[in-house]
Amino acid sequence: MTLVKVAPPIEQDVDLTQTYDAVIVGSGAAGGMAAHVLTSRGMKVLMLEAGKKLDINQELRSMQWPYDHPRRGDAPPGSHHLSFNEYTIRKPPYAKGAAFKHVYSYVGGWGGSDYVKNILVDEKDHPYTGSNYAWVRARCLGGKTNIWGRLALRLSDYDFKAKTHDGYGEDWPIAYADLEPYYDKVDLYLGISGVKENLPHLPDSQFQRPSKLNWGEVKLRESLKKAGQVLTPYRAGVTTDGLKHNKYRSKCYGRGACDRRPGGCDIHAVFDSPTGLIYPAMDTGHLTVRPNSTAHEVLVDKNTGRARGVAFLDSVTRKSYEAKGKVVILAASTLESARLLLLSRSPQHPNGLGNSSGHVGHNFCEHVMGPGVTGLIKELVGKPHTLDDGRPGGFYIPRFRNLKDRQPGFIRGYGYEGNSGHSMFPAHVMDTPGFGGQFKRSVRDHSGAFISMGAFGEVLPRYESYVDLDPETKDAWGIPVLRFHYHFSDNERKMAEDMVATGREMLEAAGIEVVGTDDKVLTEGWSIHELGTARMGNDPKTSVLNQFQQSHDVRNLFVVDGSSHVSASCQNPTWTIMALAWRSCDHLADEFRKGNV
């Protein structure tokens, strides 16, 4: 059942002889937000997306039962999704020499791989080299927002002024007060559910109706409260009350379909860039979208040094084209935008565009994840089944380390994402011993009694954590690929040890039996929260962009995705990416009108 209006046609006539006010590369959270803001200010915008426009409702099919699919959701024969062991033992490019016709990132292996085979890139066409890294990419209109995990958190001055707090790295050139109005704008325009907690390190949003905690989660919350810690309902980028200003999205109906696929929502209660930002921008008449457009260079005027447009290949025909713009905005994702800057070499910019500082590609950071705990709530064993998966998430435990006290062994902090209760496929059924009737009774009795939580921790930005262009390897379009030089440090490893030990303590203190721990740190990149590579700052010698994500070197070049982040924090970045993009594009529109860009 789809409760949204028909999307506008993407098959537009694209006039490449025209000089647009702005050319945006990328259509995910950042690119979509840039299009929304600039078109609402009357600017004529061309958006280039490397992938195709998909009927995302048909792709996700959230309400399709497993038995209605010929392979119970598995991809067709000849397709393969990379595993943890492959990412860890082998070196990229991971698809090199593979016998499979198609190779995809690990995300499809979460379950229902057939539903994301057209969203995720084929690793055979999109190789990369260097150190081990699990790089998840989606080339289609909306990018990774089509399979977004939904957690929508704000950063605080513990993050923006982290150096002031603990002495490491650099402070951001902005404070929370600068971004707070734009967080509010994102909340109100896109919708977010949650509960106000009044925490200085996790600022509250303009929340719609929250999802409810279940009995086991309330039990853990009350125990944590005694220790001065907080467990709050999952802060989801989901409209639970509906949005009167957006005809393309429906409110959440609690259908219990959120975990049937690797993210995504076919009624678009969960934010995705096409329905949340791009389609409304197209309705203004100011946005032109060209899918299947693989950008490979930002073009520079030889006389002025200003960006004059973008060179791209048609992803299907491989023909070369140029798009002309008065302003160029990169929103291709943290790593792809860095790649594009490095590819855009010219006599004026021999080390890559906007790279006079030598920092493009450097200061790469993300989140470390993997460690977690699972507990058994004995009071729930054998109790009647309840609807616990009819919500976009379970709970979140905000950062508590290194706020006032200093934790020995590591700086910065981490938070936990967790859930408990019943789901369509019973929890831990594969771990349950026995067979026959006794086995079935045990599975039924225990299926709603488990509670699990996993941690996401801040990875420190370091200059020696970087990507550059591989001098030999090229992708299917003949474009040089990225080479990774990146590993977790001792700080992340010490933090990971604390994640497991503290999670165990939390459950035991609540009277919950710990039945499993995950000590394994997942491969770099697993969080899909890549940040840095073109950080903002006040000093052009040590940063790439100013506080408005504007290039220090090229005034009409902006980079509005996660590239600009100075540090990772431990909060999921999507909401911050969009708030920053809104702020920067507001500034750009003002300066454009004045003729200053």
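What follows draws every value from the coordinates through simple rules; no lab data is involved. As the structure is a prediction and not an experimental result, all values here were calculated from the model. For neighbour counting, all protein chains shown are included, and Cβ atoms are generated from backbone atoms with ideal geometry for every residue, glycine included.
Give me the number: length gained by fully extending A509 to T304, i.e. 0.36 nm times residue separation minus the C-alpha to C-alpha distance, one decimal in nm.
67.3 nm is the gain from fully extending A509 to T304.
Rounded to the nearest Hz, the phi-derived 3J(HN,Hα) couplings of segment 65-71 under the Karplus curve 6.51 cos²θ - 1.76 cosθ + 1.60 (θ = phi - 60°) are 6, x, 6, 7, 9, x, 10, where x marks glycine and proline.
Rounded to the nearest 0.05, the FRET efficiency derived from the C-beta distance between R406 and E197 at R0 = 25 Å is 0.60. Taking the Cα of Y463, stepping 7 Å toward and past its beta carbon, and measuring to each backbone N in segment 540-571: which are under 15 Å? Correct set: 540-544.
Coordinate range of the alpha-carbon atoms in segment 473-575 per principal axis, descending: 58, 36, 25 Å. Take the Cα of S346, step 7 Å toward its Cβ, do the same at R209, and the gap between the two points is 5.4 nm. Per-residue 3J(HN,Hα) values for segment 479-486, derived from phi via the Karplus relation 6.51 cos²θ - 1.76 cosθ + 1.60 with θ = phi - 60°, read 9, x, 9, 7, 10, 8, 10, 7 Hz in sequence order (x marks Gly and Pro). Simple spin-label estimate for H245 and F100 gives 4.3 nm between the two label positions (7 Å along the Cα-to-Cβ direction from each Cα). Solvent-free Debye calculation, one equal scatterer per alpha-carbon of segment 56-139: log10 I(q)/I(0) at 0.12, 0.14, 0.19, 0.21 Å⁻¹ equals -0.36, -0.48, -0.81, -0.95.
So if each residue of separation counts as 0.36 nm, and I subtract the Cα-Cα distance between D68 and Q12, what length gain in nm does that give?
16.6 nm is the gain from fully extending D68 to Q12.
Bridges between two residues of the chain, per DSSP, are antiparallel at a rate of about 65%. Across the chain, the longest piece that holds none of the GluC sites (Glu not before Pro) lying in DSSP loops with up to 15 other C-beta atoms within 10 Å covers 198-463.
Run the paramagnetic zone check for E222: 7 angstrom along Cα to Cβ, then residues of segment 374-410 with backbone nitrogen under 16 Å. Once the point is set 7 Å along Cα→Cβ of E222, 377-380 turn out to lie under 16 Å by backbone N, inside segment 374-410. Spin-label model, T386 to S83: label points 7 Å out along the Cα-to-beta-carbon direction sit 3.6 nm apart.
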